[in-house]
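To keep things clear, I will list the structure first and then write my remarks on it.
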Amino acid sequence: MQSASDLISSWFKDDSYMDDDKDVQIIEQFVQNVEDFSSQYGSEISVSYTAFNLRGPPSNFPDYGDYPQAFVMRTYGTWWDEAPSVQKDYMPQNSSIIPSQDFVEVSFERAVYPLEVAIFETYNPGALVRIWALGPTSWMLLWEGEPEYAGDTTRIFSPPIRQINFPTRILRLEFNHRLLPYYTELDAVLLRGKEPPNLVKMKNNFTYTTLFYKKSQPAIEKGSLLNRVIASNLHENVLNRTVLSQNDKLIDRGPPLGDFQRLPDETILSVMKYLDMQSLCRCAQVNKHFSRLASDAILYRSIDLRPYWHCVRSQVLLTLSMRCKFLQKLDLSWCGSHCMIQPHYVVNFLRDSGAELTHLRMNCCKFVDNSVLRAIVDTSSNLQELCLRSVISCSEWSCLSSLTKLKRLDLYRTHITTSAAVAIVWSNPALQHLNVGSCKMISAMDEVAIALGSNCPDLMSVDFWKSYSLTAVGIRALGNCRNLQELDVGWCLQAGGSGEWLASLSGGELRKLFLGALRGVCDRDLRVLLPKATKLAQLDLLGVRAVTPDICSDILAECRELKLLDVSFCDQIQEFQVHEWRRQYPQVSIKRSFQAANLNTAPNALFLVPSLE
């Protein structure tokens, strides 16, 4: 019987390829290290379902199914966008036509001129929408395409990529999961390219020459105008409409605008406020009049730079600070990779423009350090929303307890401590949304939950995902939060010995309840909650082994607003029962993950091997 590596090699073997330059060495290499990522299904203290599983050659390919040796991101479909905790864009007109929800950044041993990038997808493929390459000074887009659902099959996805004139060893992949029926899983990433002449030949255990799956979309350079314009103070001669004099004064060489130029400034500004950042840059290049209007502070009350993460540098903050007198909402998420933004520029920007801020997002920003945290506290006392997901370079989290008006706080996968988290909760009685999932430094999550129950009566959502110190004591305290609509205690294993604490929840407003891997929850616990949870729309019972088909049938019959039910790895529920429920309740998306023994397994023969950590 062929091994997986032999099978893969035979699929890719193609002796027809010959490079025109006989002296150029073509090398193929798998990921050496994972540099950064936005989210992962796995925890910080385990290897199952984590981003670091992308290192090295494939572990599961060509087998299709749910395997803990793969990289899995935190969301799928549109369910998180439909939950009470959904976060709306600050600047909707600035969103990309193909929005990205997640990313992972990987590095390879040798820098090459990329010829091919191959993604090994082993479960629910189709979420990849962009591939970027890091150059000496900037990122270059190699490929962009629409998300899709490619079916229940493994694939090696290798879209046609743009040829670039610099070698790279770092790639960034972006994903959009909205079309996926369940979590996608990635097994490996292969980079194939030409080695620069001065580098020694690369040794690799695998040799794949031609990758078979192609996508028709061409590579598209994204944000190039913004890269050239906003970073140069909106005065670069991009469209040859304006030039700078020796005294740096804008000389108007634009065309006459006819009657449009006679409109009052207020009317033109009311139109401009619907423009995205790149369109504002274009307006600034029309003539002197438009340049003045495009710099008006009223247009910069809400700024979202996340779509332009690849070209936003420190200089952009200097430029914007001159326009942000009335700034209220700022999203810098994903910006600042590889020192493109320095912390002191952020500090100065906040001091100059942060006094009126009410909403601030800096998710996955490596420039956020202690100095930035202190600047947030010192300058933005009116903050109602603060999102710092995957910020891991800070230690002075307790300073955030000086903020007293927070309604939303997202600290997913940060290193905040128990004492700091508790202090922040006690300082913000109006808190409505809190995410402390995967915060491994919180060693007593019960204290956080008790503070929420005692001090935050308006709490609407709380995410404790993979908080291993949370117990039934903390969850019971949430019974005081009568407006609780969303609770995620998935993989909170200390709370999984029993589910009797479910009776403590008020339940009347509950719309989303995730109980993944809480093996002690049983029918009796869910039945107590059922009469109160009349608005329940999403229920995750993944790995809750004690539940039976009886309680699931009752849930489907009594929860009239139910849209999502996950019964993956529920040992007592058989496949034929899931098929029957899907037939009876077509309005409910019933999920059931599986592992297939091999590619020759019949499609309906599902092997439910628990992949719980």
query = How do the peptides 518-524, 96-102 rank, highest first, by the average count of neighbouring beta carbon atoms within 10 Å per residue?
reply = 518-524, 96-102
With every protein chain in place, the stretch 142-193: carbon and sulfur % of accessible area (1.4 Å) = 49
ask   = Whose amide H sits under 5 Å from the amide H of residue 188, counting only residues 5 or more places off or on another chain, with H placed in the peptide plane?
value = 120
ask   = Can you list the residues, at least 5 places off or on another chain, whose amide H is less than 5 Å from the amide H of residue 37, using H built in the peptide plane?
value = 105
key: Residue-wise HN-Hα coupling along the stretch 275-292, computed from phi with Karplus coefficients 6.51, -1.76, 1.60 (Hz; x: Gly, Pro)   = 8, 7, 4, 5, 5, 4, 4, 5, 4, 5, 8, 6, 6, 5, 4, 5, 4, 5
query = Considering amide H positions built from the backbone, and no H for Pro or chain starts, which residues 5 or more places from residue 66, or on another chain, come under 5 Å of its amide H?
reply = 594, 595, 596
task = Using the Karplus curve 6.51 cos²θ - 1.76 cosθ + 1.60 with θ = phi - 60°, work out ³J(HN,Hα) for each residue of the stretch 309-315 in order, rounded to whole Hz, and write x for Gly and Pro.
result = 3, 6, 10, 7, 10, 4, 4
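What ranking do 120-131, 443-454 get when scored by the average of other Cβ atoms within 10 Å per residue, highest first? If you can, show how the numbers build up before the last one.
On the way: 120-131: 24.7, 443-454: 20.8.
Ranking the peptides 120-131, 443-454 by packing returns 120-131, 443-454.
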ask   = So, with a 1.4 angstrom probe, what is the percent of accessible area on the stretch 388-455 that is carbon and sulfur?
value = 53
inquiry  = Counting heavy atoms of the protein chains only and a 1.4 Å probe, report the per residue accessible area for the stretch 455-499 as a whole number of Å².
reply    = 29
ask   = Order of 337-349, 80-92 by packing, highest average Cβ count within 10 Å first?
value = 337-349, 80-92
inquiry  = Taking θ = phi - 60°, what integer Hz values does the Karplus form 6.51 cos²θ - 1.76 cosθ + 1.60 yield along the stretch 362-373, in sequence order, with x for Gly and Pro?
reply    = 9, 5, 6, 9, 6, 7, 6, 10, 4, 5, 5, 4
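Net charge near residue 474: determine it from the other residues with C-beta under 15 Å of the C-beta of residue 474, scoring Lys and Arg +1 and Asp and Glu -1. Write out the running numbers ahead of the final one.
Working: positive: 466, 476; negative: 446, 447, 463, 488, 500.
Overall, the nearby charge balance is -3.
The values are calculated or read from the model by the stated rules, or taken from the named source; none is laboratory data. Computed from a predicted structure; not experimentally measured. A quick note on method: Cβ atoms are made from the backbone with ideal geometry, for glycine too, and the neighbour counts reach across all protein chains shown. We work out accessible area using only protein heavy atoms, side chains counted, and drop any ligands, DNA or RNA first. Shrake-Rupley method; radii C 1.70, N 1.55, O 1.52, S 1.80 Å.
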